[in-house]
């Protein structure tokens, strides 16, 4: 598969919709709202949904291209490659972010734990999606 192909672009855009759906489910849920109370003073009253979806689509397209580029270096098998990629992205997206927040902000540990776990679920689902749709059979 060529890295810069229409297929990768379309999978990335589709993954962006999955990304947005998971954002809504994992970070818009009542449990997430409870866990994120510490951020309430600096949070927007209303989320700008179209902008969030657009960001998720662009990010997912870029992640799909990165997956296609590094796919030969990932473990054999579509699912294994996708999960490995999801774990790598989770580390750079969530683990490092939460680590910085833990050092800089006075946020309760359950909030950090929720973000780490929800982020792991989200990135593993996206990675699996890329692996199953972009990895050669």
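For the condition within 15 Å of residue 119 (Cα to Cα) and touching a residue at least 60 places away in the same chain (Cβ under 8 Å), residue 26 qualifies. Cβ-Cβ distances below 9 Å connect the following pairs, each with a first residue in the range 1-12 that is at pLDDT 90 or above, a second residue that is in a helix (DSSP H, G or I) and loosely packed, with under 13 Cβ neighbours inside 10 Å, and a separation of six or more residues or different chains: 12/62.
If you go through the range 93-118 and keep only what is within 21 Å of residue 17 (Cα to Cα) and either surrounded by fewer than 14 Cβ atoms within 10 Å (Cβ to Cβ) or in contact (Cβ under 8 Å) with a residue 40 or more places away in the chain (or both), you end up with 115, 117, 118. Against the criterion of being crowded, with 16+ Cβ neighbours inside 10 Å and over 29 Å from residue 33 (Cβ atoms), residue 64 qualifies.
When you check residue 70 against the structure, is it within 25 Å of residue 112 (Cβ to Cβ), touching a helix residue (DSSP H, G or I) at 6+ places or on another chain (Cβ under 8 Å) and surrounded by 13 or more Cβ atoms within 10 Å (Cβ to Cβ), yes or no? Criteria not met by residue 70.
The values are calculated or read from the model by the stated rules, or taken from the named source; none is laboratory data. Small disclaimer: the values here were computed from a predicted structure and weren't measured. Note that we place each Cβ from the backbone using ideal geometry, even for glycine, and neighbour counts take in every protein chain shown.
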